[in-house]
Amino acid sequence: MDSEFRTIIEPFRIHSVEPLRITTAEHRRTAIREAGYNLFNLHADDVLIDLLTDSGTGAMSRDQWAAIQHGDESYAGSPSWYVFLEAVRELFPFRHVIPTHQGRAAEKILFSAIGVPGKVIPNNTHFDTTRANVEFTGAEAVDLPIPEGRQPAVEHPFKGNMDLAALDALLAERAADVPVVFVTITNNSGGGQPVSVENLRGVRALCDRYAVPLFLDACRFAENAWFVHVREAGYEDRSIPDIVREMASLADGMTMSAKKDPLANIGGWLAMNDDALAERCRNLLILTEGFPTYGGLAGRDLEAIAQGLRECVDPHYLRYRIRSTEYLGEAIDRQGVPIVKPVGGHAVYLDARALLPHIPPLQFPGQSLAVALYEAGGIRGVEIGTVMFGRHPDGTETPAAMDLVRLAIPRRTYTQSHIDYVIEVVTAVAARAEGLPGYRIVQEPPALRHFTARFEPLPNDSTAPAERVSV
Ligand code: F0G
């Protein structure tokens, strides 16, 4: 950090490599047509640079692979469980830690234990699985980001913050119907944007005033802590683990996916201080995930997570991580392609609605851009917009707040030349944006449709009504 040189290098060297399969544009056009124009349906061998998600796709370290050899597979009380517990508690000192196979299992258990029809759960912005798990229990998921959080081009250092006035208004009216307030750090669906400690303190104060518990959806806590370290006054001299512990101290519990910041390929947990709630959650855990000392994970997974937790709070790693995402965003921005600003922690979000104004939201500009990036250069991103959030539990459809394409960067996986290639492809596709078609859905499931829906491109001048099958 105190180097006289400006270049921020990867703080690791490569120890084992995986081949990439080079494909032609013609091959990709066929593959995506056969996949119903849904990037989730592709064979991953047909993808060149996979920016679909940063979830479970990171490269594990030598020390994580070594830790895997220490995995103890005892059904109950495995030493690996204690290694995991200690590593989690080092950063998140909650009384109860309940391991799960991934984040959404933690959500399902928590919302089954607390959420019932008629209840409402506020969040700065729910991630798709969080929203779906809330709605599945019959509760209502409400997003309360600050107004800047809904405007892609507006800069704000903590654009992930929750709108405290809106939360206050909701709690004043309906506190009895709010079993928990959630804050997602960083705010994934809102652009990977951080939440300040000051904002968290404000949420805590409101939760105290209305006697409602506060939980963190903490998947990207280390990236959030890095932003606090470099952007929030008073935190420049505080260590990352220390900032994480302060954020944890403001909450009553958390849900977690170990597939993000903890650098593991699978895993998650649920943690809390409330003894009675923990007991209800453990009983549900035993029903679906497993015994409370492994919860759907192998002992070796618990070891990999514990080691990953130690690595992900390293300031050299975080500096490289955040800078490499920013490098991609800055280059795309320089080319005049609209993105969510400032650049988030784990991903660059292209503003498809602004880039493709000729495609109305209900013809899915984000899907159109995502398909075009794949066809042109084999890059797989993900639509975060009207496909993902536009359909409601009552079957109606409205435009989402934004139509974005997220290019998520797997941790420690791609090099700068891979990213330079991505910049070149995005620039080329943006140059012919006005020729990209809208899409219609020809088949969709009732919830989380973005994973399995099938699409068809519309003729360029189309206003054709949608005819679709619900499965
Ligand atoms: N919360 C947030 C903020 C997330 O980003 C995710 C997953 C989850 C919860 C669920 O965790 O996948 O382990 O069940 N996000 C991934 C993504 C899938 O691509 O952003 P999970």
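The values are calculated or read from the model by the stated rules, or taken from the named source; none is laboratory data. If you're wondering where the values come from, they're calculated on a predicted model, not measured in any experiment. Glycine also receives a Cβ, built like all others from the backbone with ideal geometry; neighbour counts cover every protein chain displayed. Accessible surface is based on the protein model in full, side chains and every heavy atom, while ligands, DNA and RNA are left aside. Shrake-Rupley method; radii C 1.70, N 1.55, O 1.52, S 1.80 Å.
Of all the criteria given as (1) part of a loop (DSSP other than H, G, I, E, B); (2) at pLDDT 95 or above, the one not satisfied by V203 is (1). Screening E375, E397, E326, E424 for residues that are open to solvent by 10 Å² or more (accessible area, probe 1.4 Å), closer than 22 Å to V230 by Cβ and charged (D, E, K, R) leaves exactly one candidate, E326.
Applying the set (1) open to solvent by less than 10 Å² (accessible area, probe 1.4 Å); (2) in a loop (DSSP other than H, G, I, E, B); (3) within 16 Å of the ligand (Cβ to nearest atom) to F94 leaves exactly one unmet item: (3). Which of the residues belonging to region 51-80 are open to solvent by 20 Å² or more (accessible area, probe 1.4 Å) and under 16 Å from F291 (Cβ atoms)? Result: G71, D72, E73, S74, Y75, A76, G77, P79.
Look at P19 and say whether it is open to solvent by 60 Å² or more (accessible area, probe 1.4 Å), assigned to a loop (DSSP other than H, G, I, E, B) and in contact (Cβ under 8 Å) with a residue 60 or more places away in the chain. Against the criterion (open to solvent by 60 Å² or more (accessible area, probe 1.4 Å), assigned to a loop (DSSP other than H, G, I, E, B) and in contact (Cβ under 8 Å) with a residue 60 or more places away in the chain), P19 does not qualify.
Which one of the conditions (1) within 16 Å of the ligand (Cβ to nearest atom); (2) under 24 Å from T413 (Cα atoms); (3) not small (G, A, S) does E18 fail to meet, given that it meets all the rest? Every condition holds for E18 apart from (1). Among the residues making up region 402-419, those that are farther than 20 Å from V371 by Cβ and either without any contact (Cβ under 8 Å) to a residue 12 or more places away in the chain or in contact with a strand residue (DSSP E or B) (Cβ under 8 Å, 6 or more places away or on another chain) (or both) are I409, P410, Y414, S417, H418. Report yes if I14 is open to solvent by 60 Å² or more (accessible area, probe 1.4 Å), in contact (Cβ under 8 Å) with a residue 40 or more places away in the chain, out of contact with any strand residue (DSSP E or B) (no Cβ under 7 Å at 6 or more places or on another chain) and among the aliphatic types (A, V, I, L, M), otherwise no. When the stated conditions are applied, I14 does not pass them. The one condition from (1) assigned by TED's automatic domain parsing to the domain that holds L369; (2) buried (at least 18 other Cβ atoms within 10 Å of the Cβ); (3) within 14 Å of the ligand (Cβ to nearest atom) that A31 does not meet is (3).
For L48, state whether it is within 16 Å of the ligand (Cβ to nearest atom) and either more than 24 Å from the chain's Cα centre (by Cα) or not β-branched (V, I, T) (or both). Considered against the rule, which asks whether it is within 16 Å of the ligand (Cβ to nearest atom) and either more than 24 Å from the chain's Cα centre (by Cα) or not β-branched (V, I, T) (or both), L48 comes out as no.
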